[in-house]
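Trainee: Just passing along the structure, written as structure tokens.
Just so it is clear, none of the values below were taken in a lab; they were calculated from the coordinates. Just so it is clear, the structure is predicted and the values come from calculations on it, not from any experiment. Note that we place each Cβ from the backbone using ideal geometry, even for glycine, and neighbour counts take in every protein chain shown.
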Amino acid sequence: MIEEGQSAPDFELVSDEGERLSLSSLRGRPVVLYFYPKDDTPGCTTQACGIRDVYGELQGRGAVVLGVSPDGEASHAEFRAKYGLPFTLLSDPGATTAKAYGVWGERKLYGKSFMGINRSTFVIGPDGNVARTFYGVKPDGHAELVLDALPV
């Protein structure tokens, strides 16, 4: 697991617009990096729409918001369009980045166990270090917690 104060693991992933984006290219700005299991599912939609609803305030604090899941670029593009999400979604099909952040693991749903993303968020400071970690995130109220973690 990543701890607060640690250097955030760098990554390069493909966005919903088909562009490659690395964390290191955003140095100098705070980054809200949130990992979620799957596009267009109830919990993930609640979480994404909550972030969408405070996005103006996040931008006002200089933050870049990035959502990461194993879904492909086309799925991300549809999810963004359907819910008017103003931030970038990144595809992590091999879960390489999720594993680097310690958020890939066993999950249980309807009595079945499987491997997947455990909903988590990292607020990364302009210096590239993790300022806040949120593991086991609940979709409701998540956006407000993230907003509170960013300096005004």
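Trainee: For segment 113-124, does any single residue satisfy the condition of being surrounded by fewer than 17 Cβ atoms within 10 Å (Cβ to Cβ), over 15 Å from PHE11 (Cβ atoms) and of a type in the set (A, V, I, L, M, F, W, C)?
Mentor: yes
Trainee: Let me ask something additional. Consider LEU89 against the criteria (1) of a type in the set (A, V, I, L, M, F, W, C); (2) under 13 Å from TYR34 (Cβ atoms); (3) part of a helix (DSSP H, G or I): it satisfies all of them except one. Which criterion is unmet?
Mentor: Evaluating LEU89 over (1) of a type in the set (A, V, I, L, M, F, W, C); (2) under 13 Å from TYR34 (Cβ atoms); (3) part of a helix (DSSP H, G or I) leaves (3) as the failure.
Trainee: Then there is this: Just checking, how many residues over segment 26-43 are surrounded by 12 or more Cβ atoms within 10 Å (Cβ to Cβ) and assigned to a helix (DSSP H, G or I)?
Mentor: 2
Trainee: OK, next. Which one is surrounded by the fewest Cβ atoms within 10 Å (Cβ to Cβ) among residues in segment 55-70 that are within 17 Å of PHE122 (Cβ to Cβ) and under 15 Å from the mean Cα position of the chain (by Cα)?
Mentor: VAL64
Trainee: Evaluate segment 4-21: report whether one residue or more is closer than 24 Å to ASN129 by Cβ, surrounded by 13 or more Cβ atoms within 10 Å (Cβ to Cβ), within 13 Å of the chain's Cα centre (by Cα) and of a type in the set (Asp, Glu).
Mentor: No - not one qualifying residue is present in segment 4-21.
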